[in-house]
1. Check Tyr382, Tyr391, Tyr322 and return the single one that is aromatic (Phe, Trp, Tyr), farther than 26 Å from Phe146 by Cα and touching a Phe, Trp or Tyr at 6+ places or on another chain (Cβ under 6 Å).
2. Return the residues of region 150-168 that are in a loop (DSSP other than H, G, I, E, B) and either among the β-branched types (Val, Ile, Thr) or within 16 Å of ligand 1 (Cβ to nearest atom) (or both); say none if nothing qualifies.
3. I need every pair where a residue in region 205-234 that is at positive phi has its Cβ under 8 Å from the Cβ of a residue that is modelled with pLDDT of 95 or more, sequence separation at least 6 or different chains.
4. Looking only at region 202-214, count how many residues are crowded, with 16+ Cβ neighbours inside 10 Å and among the charged types (D, E, K, R).
5. Taking only region 169-192 into account, find how many residues are within 12 Å of ligand 1 (Cβ to nearest atom) and either more than 22 Å from Lys390 (Cβ to Cβ) or in contact with a strand residue (DSSP E or B) (Cβ under 7 Å, 6 or more places away or on another chain) (or both).
6. Could you say whether any residue in region 253-264 is closer than 19 Å to Lys315 by Cα and outside any loop (DSSP other than H, G, I, E, B)?
7. Within region 276-283, identify whether any single residue is among the acidic types (Asp, Glu) and more than 28 Å from Glu360 (Cβ to Cβ), and answer yes or no.
8. Taking the condition part of a strand (DSSP E or B), more than 15 Å from the chain's Cα centre (by Cα), touching a residue at least 60 places away in the same chain (Cβ under 8 Å) and closer than 22 Å to Pro275 by Cβ, does Glu360 pass?
Amino acid sequence: MVIKHVQEILNDDWIGKDVELRGWIYRKRRTGKLIFVVLRDSTDIVQCVVEKKVVGNEKFKELDKVGVESSIKISGIIAKEERAPTGYEIHAKNLEIVGPSFNFPISKDKSDEFLLDNRHLWVRSREMNAILKIRSTIFGALHDFFREKGYYETQGPMFVTGAVEGGSTLFEVPYFNRKAYLTQSSQFYLETLIFSLEKVYTVAPSFRAEKSRTRRHLTEYWHAEAEAAWYHNSDMIDDEEEMTVQIVQKVLQDRKKELKILNRDTKMLENIEKPFERMKYEKLVDFANEHGVSMKYGDDLGADEESAITKNFDKPVFITHYPIEIKPFYHRPDPENPKVVLCHDMLAPEGYGEVIGGGERIYKLDVLLKRLEEENLNPEDYYWYVDLRKYGSVPHAGFGLGVDRLVWWIAGLEHIKYAIPYPRTIRRVKP
Ligand code: 4AD
Ligand code: MG
């Protein structure tokens, strides 16, 4: 008997053939001497018809007793059946209950909180299965992009001693008889590594003690970061644009079925091609006001503003040249207008907002020391970062992509917590 996955046998070539399937009971219904089992595995669902006289009294009774989510092996013949949920059905000849399940806690109409408390079981749902597959495709496409573009994969530490993105969102952890923090970004470590490898990237968790409860904040998220020697702001934007298009294309190509399960409007995604608009922050302020979002020069964008603004976009947009005051110290001031920095954020359309933050780094020692002083930061805390500007510094740029935010947008989800297997937020650290 050949063992197959459900998806492989859902076609006319398999009609009349024998197969063994292994999976879980998704639905079950008895009518007299027949039991209809909808079996699910990682790939799809299929209806199986189990007849008492074929499988015998004993097995029929056993199947009748167990509940949904029991794991089973079923073998039988494949037939076409228009009325079955996926168009085919298995006429069972034999079956084995491997791991019985009784009173599976999740049924229809459970609250969001209940489903989050039971996330370890909810990950089995068709909806989560679809999201997790899209997520896997996105992570794969990211690695493909970087490797094809000549970036070396590398890693920074997770225990660190300083802030990258400001002190207010640092998680402090006891570290023997000292204190340390969980990293907010691997950027500074990647900057050290370009002096060896020139182009580097990492995909790793970042941690933010975000007190905000928004649709887009996690306290632990997956961060894809890149850094490249000799790159200027616009070079990095070019790579990000190409990366975004490539990832969206890959999802459209490989995850049609999953996008459909999630009712994602794919027209928006099919529209994603180069070039993306590049808009200076100054122009964004006008754009915002013209579109009913009141904002003045110097205001940072909050989640609500970004959401309102990006509802007017049908493709990602790069916002560049932010005022120096609202960006971290490491951004390179524009030599033509030092009131702004050579940075960029990529905002996703449809109300999603920022998914990438990046830019060119200060590479001159005196400029960096001046910026540290202006921000009241102690250069000794950053001695190794300062060193890079003493020993063969080069212009360079980089970015950080919130991968969960990318999944959130591409899959068209309501809240970022649905985009990651085990979301961590201000209110949740379990399961
Ligand atoms: O804009 P951020 O804070 O930039 C940095 O950390 C830079 N050091 C990155 C770099 O240049 N190497 O964060 C980068 C991205 C954001 O655009 C967002 O997508 C994501 O990380 N992000 C979060 N995602 C989920 N939950 C949070 N709390 C996030 N904070 C940032
Ligand atoms: Mg940012």
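The values are calculated or read from the model by the stated rules, or taken from the named source; none is laboratory data. Note that this is a predicted model, so its numbers are computed, not measured. Cβ sites come from the backbone with ideal geometry, for glycine too, and all protein chains shown count toward neighbours.
1. On the way: Tyr382 fails: touching a Phe, Trp or Tyr at 6+ places or on another chain (Cβ under 6 Å); Tyr391 fails: touching a Phe, Trp or Tyr at 6+ places or on another chain (Cβ under 6 Å).
Exactly one of Tyr382, Tyr391, Tyr322 is aromatic (Phe, Trp, Tyr), farther than 26 Å from Phe146 by Cα and touching a Phe, Trp or Tyr at 6+ places or on another chain (Cβ under 6 Å), namely Tyr322.
2. Of the residues in region 150-168, the ones in a loop (DSSP other than H, G, I, E, B) are 150-151, 154-158, 161-166.
Once the filter is applied, which keeps residues that are in a loop (DSSP other than H, G, I, E, B) and either among the β-branched types (Val, Ile, Thr) or within 16 Å of ligand 1 (Cβ to nearest atom) (or both), region 150-168 yields Tyr151, Thr154, Gln155, Gly156, Pro157, Met158, Thr161, Gly162, Ala163, Val164, Glu165, Gly166.
3. Going by the 8 Å Cβ cut-off, the qualifying pairs are Trp230/Glu198; Trp230/Val394; Trp230/Pro395; Trp230/His396.
4. Number satisfying all stated conditions: 2.
5. Of the residues in region 169-192, the ones within 12 Å of ligand 1 (Cβ to nearest atom) are 169, 171, 183-191.
Checking which are either more than 22 Å from Lys390 (Cβ to Cβ) or in contact with a strand residue (DSSP E or B) (Cβ under 7 Å, 6 or more places away or on another chain) (or both) leaves us with 169, 171, 183-187, 190-191.
So the count comes out to 9.
6. First, pick out the residues of region 253-264 that are closer than 19 Å to Lys315 by Cα: 253, 259, 264.
Still in the list and also outside any loop (DSSP other than H, G, I, E, B): 253, 259.
Yes - at least one qualifying residue is present in region 253-264.
7. Residues of region 276-283 that are among the acidic types (Asp, Glu), as a first pass: 277, 282.
Still in the list and also more than 28 Å from Glu360 (Cβ to Cβ): none.
Checking region 276-283: not a single residue is among the acidic types (Asp, Glu) and more than 28 Å from Glu360 (Cβ to Cβ).
8. Details: part of a strand (DSSP E or B): yes; more than 15 Å from the chain's Cα centre (by Cα): yes; touching a residue at least 60 places away in the same chain (Cβ under 8 Å): yes; closer than 22 Å to Pro275 by Cβ: yes.
Criteria met by Glu360.
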